[in-house]
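Coordinate-derived values only; no laboratory data. The structure presented is a predicted model; accordingly, all values stated were derived computationally and were not measured. Backbone-built Cβ (ideal geometry, glycine too); neighbour counts: all protein chains shown.
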There are 4 protein chains.
Amino acid sequence: MWRLPLREDDEAADGEGIGRILALSDGVFAIAITLLILEIAVPATTSDAGLPKALLTLWPRYLAYVLSFVVIARFWVIHRLAFRLIARDDEALLWLNLLLLMFVAFLPFPTAVLGQHPGSPVAAVLYAISVILASLASAACWWYASGRGGLLRPEAGRAQVRALRARSLSGPVLLTLSLPIAIFAPYAAEIVWIFVFPLTRIVFAWFVAGEREEPR
Amino acid sequence: MWRLPLREDDEAADGEGIGRILALSDGVFAIAITLLILEIAVPATTSDAGLPKALLTLWPRYLAYVLSFVVIARFWVIHRLAFRLIARDDEALLWLNLLLLMFVAFLPFPTAVLGQHPGSPVAAVLYAISVILASLASAACWWYASGRGGLLRPEAGRAQVRALRARSLSGPVLLTLSLPIAIFAPYAAEIVWIFVFPLTRIVFAWFVAGEREEPR
Amino acid sequence: MWRLPLREDDEAADGEGIGRILALSDGVFAIAITLLILEIAVPATTSDAGLPKALLTLWPRYLAYVLSFVVIARFWVIHRLAFRLIARDDEALLWLNLLLLMFVAFLPFPTAVLGQHPGSPVAAVLYAISVILASLASAACWWYASGRGGLLRPEAGRAQVRALRARSLSGPVLLTLSLPIAIFAPYAAEIVWIFVFPLTRIVFAWFVAGEREEPR
Amino acid sequence: MWRLPLREDDEAADGEGIGRILALSDGVFAIAITLLILEIAVPATTSDAGLPKALLTLWPRYLAYVLSFVVIARFWVIHRLAFRLIARDDEALLWLNLLLLMFVAFLPFPTAVLGQHPGSPVAAVLYAISVILASLASAACWWYASGRGGLLRPEAGRAQVRALRARSLSGPVLLTLSLPIAIFAPYAAEIVWIFVFPLTRIVFAWFVAGEREEPR
């Protein structure tokens with residue numbers, strides 16, 4: 001009952017089907033990443049003389065802007081790597097991808113809270129949980145497509161598949177490990193998070209290196 | 001007079017024509033779904049100490065966010081299923097699709113009202129009516145394209161066409177039936193609506209099953 | 001000096017060049033049309049009991065929403081008809097198209113003013129002038145591409161070219177003629193404008209009919 | 001370590017890879033350019049009688065709107081010229097492009113400050129610095145892709161490559177030279193900036209002319 005009758009046709013019209021998933025996804029990523037700037041504003045009552053101070057006071061928002069830009073960009077980069085290896089979709093992948101987009105589109109809210117409440121552990125934990133949920137949805141997309149779903153292109157190498165699996169889990173794992181930092185040193189957590197994602201790339205490169213021997 | 005002289009060329013340049021309809025539609029779906037988050041905000045005056053309570057108080061907005069994300073995503077899923085079977089457009093389909101987009105782009109407003117007035121029957125009924133109007137426009141697109149318009153691909157199976165017709169009507173019918181719930185138990189209505197759309201899929205699968213025998 | 005050295009390559013890589021113009025244009029149209037809803041909001045202080053009245057009081061904003069949705073959709077429909085006949089771009093067309101997008105992206109502002117100041121001749125005239133400017137930019141794109149620019153596909157029929165020229169001018173002409181209505185009966189003007197565009201289609205159809213005889 | 005194992009496959013699936021970079025970029029450009037209008041609003045308390053004056057008082061915001069529209073459009077035009085010559089991507093180009101998008105998506109903020117604080121040197125300098133950062137990121141994309149990255153199409157002429165390098169640097173150079181104007185005559189700076197970009201085109205045309213002789 002899970003697989004719809006339309007399924008057969010889905011396979012026939014592959015490219016097209018994936019095409020609109022990518023169009024909607026790129027749209028949501030682009031909008032979420034661009035809406036972040038709406039959270040940064042100088043109070044309407046600021047005088048010209050008070051402008052320099054008002055601009056400097058906004059620094060926690062600039063930091064939150066850069067952090068969320070990097071975080072959302074990273075989700076997009078992984079989305080692109082993963083969907084490059086995905087040949088077709090089914091209804092489960094469609095909804096897992098929509099779940100990812102729901103969490104990505106949610107991120108401007110915890111970003112705003114973090115920018116308005118710098119140094120608040122509550123804001124930092126809210127942010128971390130939001131990113132962890134998005135990371136789990138991102139990982140679920142890839143594990144389903146490359147596992148039970150069987151939706152990959154035939155030319156996708158086993159090493160690539162495993163590397164992306166490791167990479168997709170390293171995000172939520174590292175973020176969960178960072179929760180104590182968020183609680184005890186919220187500012188430090190923001191800096192850590194900006195660099196967590198480069199870290200996941202190293203883990204990822206390491207896994208791939210280990211898989212290199214295998215014949216494809 | 002209804003069919004424009006440009007019509008003939010429309011048929012020649014099919015893919016392209018449908019292409020821009022899909023580009024505009026995916027754009028509107030992506031933006032409508034991402035703007036929803038702008039309705040969720042912590043009051044600017046909230047202190048760090050008051051933050052946890054302020055975040056919890058927002059729960060009706062989180063619920064409205066999830067509801068509208070699922071609702072708009074569902075319109076997109078059906079749009080994609082339907083337009084996969086549509087080969088070309090004419091001016092009537094163009095404007096029916098724009099009508100659908102007008103109602104989809106309207107949804108962030110009733111969503112905001114629902115999030116700000118949880119438990120208000122008026123907010124719930126406004127929301128229901130907005131979704132019903134969008135559902136009717138969605139159904140009109142498909143009934144026109146598959147009926148009088150004659151715009152389908154030759155390979156579209158009769159079972160598929162009928163199944164999508166049933167599915168497109170099950171939405172507005174179930175939503176209309178839910179209006180009493182919206183009036184007497186607004187919260188319950190939100191929960192019901194999140195699950196109405198999976199229900200329409202079951203109705204849809206049932207219709208298709210009944211049509212299976214037919215030769216294509 | 002006007003035509004850049006890159007021009008030659010532009011011709012080689014046609015589809016691609018037009019492709020990104022259409023991507024940016026569809027993006028701007030989709031966002032402008034979806035941002036309109038942000039102008040409609042119930043005052044935060046509205047009580048549940050006051051909600052029905054607050055919702056009804058917003059009717060001038062609903063009207064302005066529908067008007068601007070129809071107006072922007074119409075610009076998109078004409079853009080799509082015109083660019084379907086355009087084979088390649090040059091720098092002049094690129095900037096004329098950006099000028100059109102600048103006026104289209106501006107429309108949410110006069111729409112908001114019209115929604116907030118219903119019945120104000122100033123608001124209605126501001127709106128009319130904004131749409132006239134967008135119409136002139138739209139017409140300039142098409143007259144340049146089909147005239148001096150020489151950018152059309154070889155298969156574009158003369159009748160089609162003339163018909164779109166007439167249609168592109170009928171918009172600004174009818175809107176200019178409607179300025180007295182905007183001044184003396186602002187509400188009536190909004191209703192007229194919603195129907196101006198169907199009128200331009202009739203003018204357009206009439207022109208095409210007269211051109212039918214000609215050999216292509 | 002810098003080049004990922006996925007690199008080989010990137011080359012295989014070129015078009016597709018570049019395709020999503022362009023989709024995300026066009027999305028961010030389109031949204032940034034359209035969000036600018038949200039900074040223009042008439043105070044909610046304006047009476048109908050006070051409307052003409054309120055609309056005229058907004059002129060610094062109209063000027064900032066036109067300026068930022070031209071600036072962002074110009075970044076898009078150069079992005080399109082450059083990526084037309086780029087055949088494939090690697091992870092460095094991906095992130096340089098995201099850096100460019102981060103600065104482009106940031107521009108609505110200094111635009112708003114400039115519109116609210118007309119004639120303030122601080123606002124003008126903030127604006128200039130933001131555009132310089134975006135220009136440098138734009139130049140970095142092109143210098144990397146055409147230099148160390150070696151990502152160009154084989155048919156890209158040397159003259160074109162050098163011309164775009166000159167053009168990509170002329171932006172930040174002219175903007176830096178304009179900083180004194182921003183400090184001593186903020187309004188004049190806005191007018192200058194609107195015309196800086198046509199100037200860069202002339203520098204660019206001059207460079208190309210000098211390169212014409214060379215065999216490709």
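In nm to one decimal, list the spacings between the D:Trp95 label point and its equivalents in the other copies, with label points set 7 Å along Cα to Cβ, shortest first.
Values, ascending and in nm: 3.7, 3.7, 5.3.
Shielding by partners for C:18-25, please: the mean number of other protein chain Cβ atoms within 10 Å of each residue's Cβ. Spell out each step's value before the answer.
On the way: counts 0, 5, 11, 3, 5, 11, 10, 5.
The mean count of partner-chain Cβ atoms within 10 Å per residue comes to 6.
Between B:Ile129 and B:Ser47, what is the FRET efficiency for a Förster distance of 51 Å, r being their Cβ-Cβ separation, to the nearest 0.05? Each step should come with its number before you reach the end.
On the way: r = 39 Å, r/R0 = 0.77.
Efficiency computed from Cβ-Cβ geometry: 0.85.
Once phi is turned into ³J(HN,Hα) by the Karplus curve 6.51 cos²θ - 1.76 cosθ + 1.60 with θ = phi - 60°, what whole-Hz value does each residue of the stretch C:131-146 show in order, with x for glycine and proline?
5, 4, 4, 4, 5, 5, 5, 4, 5, 4, 3, 6, 5, 5, 5, 8
Just to check, using Stokes-Einstein with a Kirkwood Rh over alpha carbon pairs, what's the diffusion coefficient of the stretch A:101-174 at 20 °C and 1.002 mPa s in µm²/s?
Working: Rh = 13.8 Å.
The calculation lands on 155 µm²/s.
When the dipole is taken about the Cα centre of the stretch D:39-166, and only Lys, Arg (+1) and Asp, Glu (-1) are charged at their Cβ, what size is it in debye, to the nearest 20? Present the calculation step by step, with values, prior to reporting the outcome.
Details: 11 positive and 6 negative charges, 103 e Å.
Charge dipole, the stretch D:39-166, about its Cα centre: 500 debye, nearest 20.
Defining the label point at 7 Å along Cα→Cβ, can you sort the distances from B:Ile194 to the same site in each other copy, shortest first, in nm?
Relative to the other copies, B:Ile194 has label-point distances of 3.6, 3.6, 5.1 nm.
Across peptide D:118-130, how many C-beta atoms of other chains are within 10 Å of each residue C-beta, on average? If you can, show how the numbers build up before the last one.
Values: counts 1, 1, 6, 3, 7, 5, 0, 1, 4, 0, 0, 0, 0.
Mean number of neighbouring Cβ atoms from other chains: 2.
Report, by chain and number, residues whose modeled amide H sits under 5 Å from the one on B:Ile40, excluding near sequence neighbours (fewer than 5 apart, same chain).
It is none; the list stays empty.
Can you work out the FRET efficiency for the pair B:Ala188 and D:Tyr187, with r the C-beta to C-beta distance and R0 = 60 Å, to the nearest 0.05?
Details: r = 59 Å, r/R0 = 0.98.
Here the calculated transfer efficiency is 0.55.
Give me a single rounded figure for D:33-46: the average over its residues of other chain Cβ atoms within 10 Å of their Cβ.
Working: counts 10, 17, 8, 3, 13, 7, 3, 6, 6, 7, 2, 2, 0, 3.
Mean shielding by partner chains, rounded to a whole number: 6.
If you place +1 on the Cβ of every Lys and Arg, -1 on the Cβ of every Asp and Glu, and leave all else neutral, what size is the dipole of the stretch C:127-192 about its Cα centre, to the nearest 20 Debye?
On the way: 6 positive and 2 negative charges, 75 e Å.
Around 360 debye, computed over the stretch C:127-192.
Residue by residue through the stretch A:162-177, which ³J(HN,Hα) values in whole Hz follow from phi under the Karplus form 6.51 cos²θ - 1.76 cosθ + 1.60 (θ = phi - 60°), with glycine and proline marked x?
Along the stretch A:162-177, the couplings run 5, 4, 5, 5, 4, 4, 5, 8, 4, x, x, 5, 4, 5, 5, 4 Hz.
Check which residues have an amide H placed less than 5 Å from D:Ile86's amide H, if you skip close sequence neighbours.
Long-range HN contacts for D:Ile86: D:Arg153.
Please name whichever of D:Ala137, D:Leu55, D:Ala44 sits farthest to the positive end of the charge dipole of the stretch D:30-145, dipole taken about the Cα centre and charges placed at Cβ: Lys and Arg +1, Asp and Glu -1.
Result: D:Leu55, furthest along the dipole toward the positive end.
Where nothing but the Cβ of Lys and Arg (+1) and of Asp and Glu (-1) is charged, how large is the charge dipole of the stretch B:52-117 around its Cα centre, in debye to the nearest 20?
Numbers: 6 positive and 3 negative charges, 76 e Å.
Dipole of the stretch B:52-117, to the nearest 20 debye: 360 debye.
What list of ³J(HN,Hα) couplings, whole Hz, do you get for the stretch A:65-77 from phi and the Karplus terms 6.51, -1.76, 1.60, once you set θ to phi - 60° and write x for glycine and proline?
Once θ is set to phi - 60°, the couplings for the stretch A:65-77 become 4, 5, 4, 6, 4, 5, 4, 5, 4, 5, 4, 5, 4 Hz.
7 Å along Cα→Cβ for the label point: how many nanometres lie between A:Pro180 and each equivalent label in the other copies, listed shortest first?
Label-point distances to the other copies, shortest first: 5.7, 5.7, 8.1 nm.
How high is the FRET efficiency between C:Glu91 and B:Glu91 when r is their beta carbon distance and R₀ equals 51 Å, given to the nearest 0.05?
My answer for the efficiency is 0.95.
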